[in-house]
Amino acid sequence: MNLRGLTHVLCLYRHTLLHVLQSSIYYSSSSLHALAWTYVMPCELKRRFVLLYGSQRGQAQSIAEELSDQASEHGLVAELFCLSKKEKYNLEKETAPVVFIVSTTGDGEPPDTALSFVKTIKNKSLPRDYFAHLNYAILALGDTNYANFCNCGKTIDGRLQELGAKHFYSTGYADDGVGLEIVIDPWIEGVWEAIKKSVAEMATSGQQDTGSARSLHTTDLTAAAAAASQESTQASGLDVGVASLTLKDKPAQASEGPKVETGEPKPAVLEASLTQSMPPLSESALNVPSLPPPFLNVSLEDAPAQELSGPVCQDHHQQVSISKTVQLTRDDAVKVALMLELDISGKDMPYQPGDSFDVLCPNDASEVLTLLQTLRLEQQSHHRVQLELRKDTKKKAAQLPPYVPVGCTLLYLFTWCLEIRSVPKKAFLRALVECTGAAPEKRRLQELCSKQGAADYSRFIRDTSVCLLDLLLAFPSCHPPLSLLIEHLPKLQPRSYSAASSAQRHPGKLHFVFNIVEFPACPERPAARRGVCTGWLSSLVSAIVQSDSAVQGPVETTASASLPMIYVGLRPGNAFRLPSDLSVPMVMVGPGTGVAPFIGFLQQREKERVNNPDGCFGETWLFFGCRHKDRDFLFREELERFVASGTLTHLKVSFSRDAAEGGQSQSSPRYVQHNLLLHAKEVASILLKEKGYFYVCGDAKNMAKDVNDALVDMIVAETQVDKLEAMKTLAALREEKRYLQDIWT
């Protein structure tokens, strides 16, 4: 039975029920009116809830929009707003359930779109019962590779509780470090019933406002409809519900969600892969996501188009030239590190040591070409892209992507607008199912986006960073329309780097350092790749690279017109700064390219010492690490010069491969955290007695965690407290902005 047929059955029961009620002597007029609302009006009206999101790079917004799109399937109406749009919602008077979806950015900070909201609710003058009327739920997004996991969600949650608000559903903490979907999928699965229950309870208590749509009481009607269409539902596996249609999870017969095609029997294989599953998954009924509603019409016009040569600049991005490039590592180093000097003279770009800035970069030209060829659009690469919203779309708050310029070419779209390297979400995979012809390929895509295939999704897509191009090459019968790609591929994001210089030492110049990121080939990605931005930058500057010996030497004069140009912009709201009090000691931990901001710190401190020779300056410690002393000891000469001048009080270095290969004493520390523990008394004294600062810059996944663990052990040993108290001490240091991190995954 299709949806139209089911609706017809339900409406027949509505009219029958009305007839019975009107002819019965057991119902008064008032009770008849109430029952009519309870059982009849649901055909036309639904309950509302408020859905608010705070997003930095679109992840939380995307999840909120998916929830909003799914709401009608559950008999609900979602009122979707960004937290920054305060004029569109009013929590002070809100009587419907409220769902928050918020991410965390930087060192545990709220995303830009949530900053104002967080500041408002943190106002200490608000009364304790300010939100006593509010029922809410929170889905917090974060990454356990960073110390302040889901801090924005925790901040909002804790403050709402302090102001009297109540949970109607448990808080979800989704971890991008292991896969957001592990928490998000079950959280979303359970939130719908929780919203309905909250709506019903608020209506019963009279809290729900009279202008809201009425709830859907389905028990009797569902049973009646199911009984009337028993033969049809048994044949199709349909579980009849008023809000939506789902496929029952019946072993080897049907599946929950859209119909799953099993295809021809598959040959036996020894192990699973991106394109092939193994039992029990290959033999399981599947729960697949609902199909995301399309919202774009896209056409290609063979007409003169505006040939754009670079990114569509945002207000704070400016075009600057790369005046100098230095390779800081030896050719035989495991990773190649480059330092770029940008000429920012005459630009409005005042920066301080520790600041970060964004670089706008394009997708790799060869990947874009291969993608166009795979999509059979190569001949139309210079056609104009015309976008418009579908008039029949069911997507809530659908809008044209603002990052796609009007009238741009198809080539420009894939080069500068869309993140073609992004890992496809399950909703994207679900949409690709409908564009896949071969039954075995279709089945495998269904498995990868299903609840049952969560482990395979993580193993073969998320963990290996599979992208759209990889999927299209692996599933050759998949031919998605251009509209689908624009709907699902996110905006191409800028890449962030730390300033590795001080404007006082290098006026009109800005330095930054990076390793050229390499992604070796693997079964899921047959071709090796470089990082989107680092690969592009290394190609861009290949003609002007100097050796490390030229770092302090003269720079060859090059015509400014021939210098490579890039677009950069300073990132706002940075707290990774030198102490304002020069007498305060500081400890800096920066292995590899993580040393970059500390070069700027020390250049600044050196100038401050020259300008204030009688000043009182606190101790400075730097813990640096790399693989080999003679291959990748970045800024070695400059660091040793800082020590000689007294600008850097203590330089503690560790060389992991030299230690492992016996190139130094067995007692030598292998990593920076080992070196920290060797100087535990001094570091603990700086942090706990002298009110000093502790900075960490570098890899979040391993190094930052290990350093944090070392600090916990250090505090336990030096203060004789248990581990929990030591962790609280570190949390307090973060709150005081004396334990600061500039880390990345």
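The values are calculated or read from the model by the stated rules, or taken from the named source; none is laboratory data. Every value quoted in this text rests on a predicted model; they were computed, and no experiment measured them. Using ideal geometry, Cβ is built from the backbone for each residue, glycine included, and neighbour counts are taken over all protein chains shown. Surface areas here come from the heavy atoms of the whole protein model, side chains and all, with no ligands, DNA or RNA. Shrake-Rupley method; radii C 1.70, N 1.55, O 1.52, S 1.80 Å.
Just a few scattered comments:
Every residue, every condition in (1) surrounded by fewer than 21 Cβ atoms within 10 Å (Cβ to Cβ); (2) at pLDDT 85 or above; (3) of a type in the set (Val, Ile, Thr), yes or no:
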position: 26; (1), (2), (3): yes, no, no
position: 29; (1), (2), (3): yes, no, no
position: 37; (1), (2), (3): yes, no, no
position: 45; (1), (2), (3): yes, no, no
position: 65; (1), (2), (3): no, yes, no
position: 82; (1), (2), (3): yes, yes, no
position: 93; (1), (2), (3): yes, yes, no
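- Selection status of residue 695, farther than 25 Å from residue 108 by Cα and either at pLDDT 95 or above or surrounded by 13 or more Cβ atoms within 10 Å (Cβ to Cβ) (or both): no
- Only one entry of 528, 521, 550 meets the criterion of being modelled with pLDDT under 90, under 30 Å from residue 629 (Cα atoms) and surrounded by fewer than 19 Cβ atoms within 10 Å (Cβ to Cβ), and that entry is 550.
- Spans of strands (runs of 3 or more DSSP E) in region 569-675 with at least 1 residues basic (Lys, Arg) and modelled with pLDDT of 95 or more: 650-655
- Of all residues in region 578-607, those being free of Cβ contacts under 8 Å to residues at least 40 places away in the same chain and closer than 23 Å to residue 498 by Cα number 3.
Residue by residue, here is whether (1) in contact (Cβ under 8 Å) with a residue 60 or more places away in the chain; (2) open to solvent by 40 Å² or more (accessible area, probe 1.4 Å); (3) touching a Leu at 6+ places or on another chain (Cβ under 7 Å) holds:
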site	(1), (2), (3)
163	no, no, yes
167	no, yes, no
172	no, no, yes
179	yes, no, no
182	yes, yes, no
191	yes, no, no
198	yes, no, no
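- Pairs with Cβ under 6 Å, 6+ apart, first in region 487-516 and under 30 Å from residue 425 (Cα atoms) and basic (Lys, Arg), second open to solvent by 50 Å² or more (accessible area, probe 1.4 Å) and assigned to a strand (DSSP E or B): none
- Residue among 157, 185 that alone is over 30 Å from residue 358 (Cα atoms), in contact with a Ser or Thr (Cβ under 7 Å, 6 or more places away or on another chain) and not aliphatic (A, V, I, L, M): 157
- Residue count for region 609-627, restricted to those that are in contact (Cβ under 8 Å) with a residue 40 or more places away in the chain and more than 34 Å from the chain's Cα centre (by Cα): 2.
- With respect to (1) of a type in the set (A, V, I, L, M); (2) modelled with pLDDT under 95; (3) under 25 Å from the mean Cα position of the chain (by Cα), the lone exception for residue 418 is condition (2).
- Residues located in region 312-354, provided they are open to solvent by less than 20 Å² (accessible area, probe 1.4 Å) and either touching a Pro at 6+ places or on another chain (Cβ under 8 Å) or free of Cβ contacts under 8 Å to residues at least 60 places away in the same chain (or both): 317, 321, 322, 353, 354
- Sole exception among (1) under 30 Å from residue 590 (Cα atoms); (2) touching a helix residue (DSSP H, G or I) at 6+ places or on another chain (Cβ under 9 Å); (3) not charged (D, E, K, R) for residue 357, by number: (2)
- Among (1) at pLDDT 90 or above; (2) open to solvent by less than 40 Å² (accessible area, probe 1.4 Å); (3) not aromatic (Phe, Trp, Tyr), the one test that residue 143 misses: (1)
- Residues in region 355-405 that are over 30 Å from residue 596 (Cβ atoms), open to solvent by 30 Å² or more (accessible area, probe 1.4 Å) and polar (S, T, N, Q): 370, 373, 374, 379, 380, 386, 393, 399.
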